[in-house]
Amino acid sequence: MTKRIEELAIRHARPEDGADIVEFYNEVGGETDYLSFGQGEYPQTADEVVRSIEGMANSSGSCMLLMMEGERIIGIGTIHSSPKFRFKHVGVLGIVIRLSHCGNGLGRQLMNALIDWSKGNGLTKKITLVTRADNDRAIALYEKLGFQQEGIFRQESFDGERYYDSLSMALFL
């Protein structure tokens, strides 16, 4: 399935998106083993997501971007920075694209939007992320965008049968 990028839009999350965001995460949790939660296991309620989005409006170091196909969320990218002075310059990145839309350059487009936002916020100097060490496709994308490997967390996740290492990566702006 090939998606035309021109048909999609990237925009900032709004409080009224809360329930749709939770629904999206609960669905995509069942599409891949690379997320920290499974189908129906997203740990936040719609009200908690709304409060988080509202909090981002007052934070120059955190944002949530939605990739939309019409009114449907097909991807979410986030940058979260610590409110602590010593760590405000570090943004922690998270990204997920619906499996039905993977392989079309959408992850790269959403990552570039997050990087551009970080470069323009006047605060972020370093973007970090953590991915499962066997997530070769994601690691290849991150490296193409300039992320470098920083470390390995041994046996960081467990799927009920096996333990997996996680890889820490960073991009300096």
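So, with a 1.4 angstrom probe, what is the percent of accessible area on the chain that is carbon and sulfur? All intermediate terms of the calculation are to be shown ahead of the outcome.
On the way: 4670 of 9780 Å².
Carbon plus sulfur share of accessible area: 48 percent.
Computed on the Cα atoms alone, the convex hull of the chain gives a volume of 121 cubic angstrom per residue. Rounded to the nearest 20 debye, the dipole magnitude of the chain is 920 debye, with +1 charges on Lys and Arg beta carbons, -1 on Asp and Glu beta carbons, and the Cα centre as origin.
Charge tally for K126 (other residues, Cβ to Cβ under 14 Å; Lys, Arg +1; Asp, Glu -1): +3. Relative to the Cα centre, the charge distribution of the range 71-143, modelled as +1 at Lys and Arg Cβ and -1 at Asp and Glu Cβ, gives a dipole magnitude of about 340 debye.
Mean separation of Cα pairs under 8 Å and 6 or more residues apart, divided by the residue count, gives the range 40-101 a relative contact order of 23 percent.
Taking Y164, Y34 and ordering them by how much accessible surface each has at a 1.4 Å probe, largest first, produces Y34, Y164. Sites counted here are GluC sites (Glu not before Pro) in a DSSP loop (not H, G, I, E or B) having no more than 16 other Cβ atoms within 10 Å; the longest part of the chain that contains none of them is 72-160. At 222 nm, what helix-only mean residue ellipticity would the chain give, in deg cm²/dmol to the nearest 500, using -39500 (n - 2.57) for each DSSP H run of four or more? Estimated from H runs of four or more residues: -8000 deg cm²/dmol. Over all other residues within a Cβ to Cβ distance under 11 Å of D33, the charged ones net out to -2, with Lys and Arg as +1 and Asp and Glu as -1.
Indicate the gyration tensor shape class of the range 18-105 (rounded, prolate or oblate), computed on the Cα atoms with a ≥ b ≥ c the square roots of the eigenvalues: a/c under 1.5 is rounded; otherwise a/b larger than b/c is prolate and the rest oblate. Mind dumping the intermediate values first?
Values: a/c = 1.74, a/b = 1.59, b/c = 1.09.
Prolate, because a/c is 1.5 or more and a/b exceeds b/c.
Here the spin labels are modelled as points 7 Å beyond Cα on the Cα-Cβ line, and at N58 and F172 they lie 3.4 nm apart.
What the phi angles of the range 166-173 give under the Karplus curve with 6.51, -1.76 and 1.60, with θ = phi - 60°, is a coupling list of 10, 10, 9, 9, 8, 10, 9, 8 Hz, glycine and proline written as x. Looking at the range 109-173, the accessible area is 58 square angstrom per residue; that uses a 1.4 Å probe and ignores ligands, DNA and RNA. Between the residues V92, A138, I53, the greatest Cα displacement towards the positive end of the dipole of the chain, with unit charges on the Cβ of Lys, Arg, Asp and Glu, is found for V92.
Say R0 is 35 Å: what FRET efficiency, to the nearest 0.05, do K88 and Q39 get from their beta-carbon distance? Write out the running numbers ahead of the final one.
Numbers: r = 34 Å, r/R0 = 0.98.
The formula returns an efficiency of 0.55 here.
Label point of I152 set 7 angstrom out along Cα-Cβ; within the range 121-139, amide nitrogens under 12 Å from it belong to 133-134.
Please compute the length gained on full extension between D116 and D165, using 0.36 nm multiplied by the number of residues separating them and subtracting their Cα-Cα distance.
On the way: separation 49, 0.36 × 49 = 17.64 nm, distance 2.93 nm.
Extra length available between D116 and D165 comes to 14.7 nm.
The values are calculated or read from the model by the stated rules, or taken from the named source; none is laboratory data. Owing to the predicted nature of the structure, the values given are computational and were not obtained by experimental measurement. Methodologically, a virtual Cβ is constructed for each residue, glycine included, from the backbone with ideal geometry; neighbour enumeration extends over all protein chains shown. Surface areas here come from the heavy atoms of the whole protein model, side chains and all, with no ligands, DNA or RNA. Shrake-Rupley method; radii C 1.70, N 1.55, O 1.52, S 1.80 Å.
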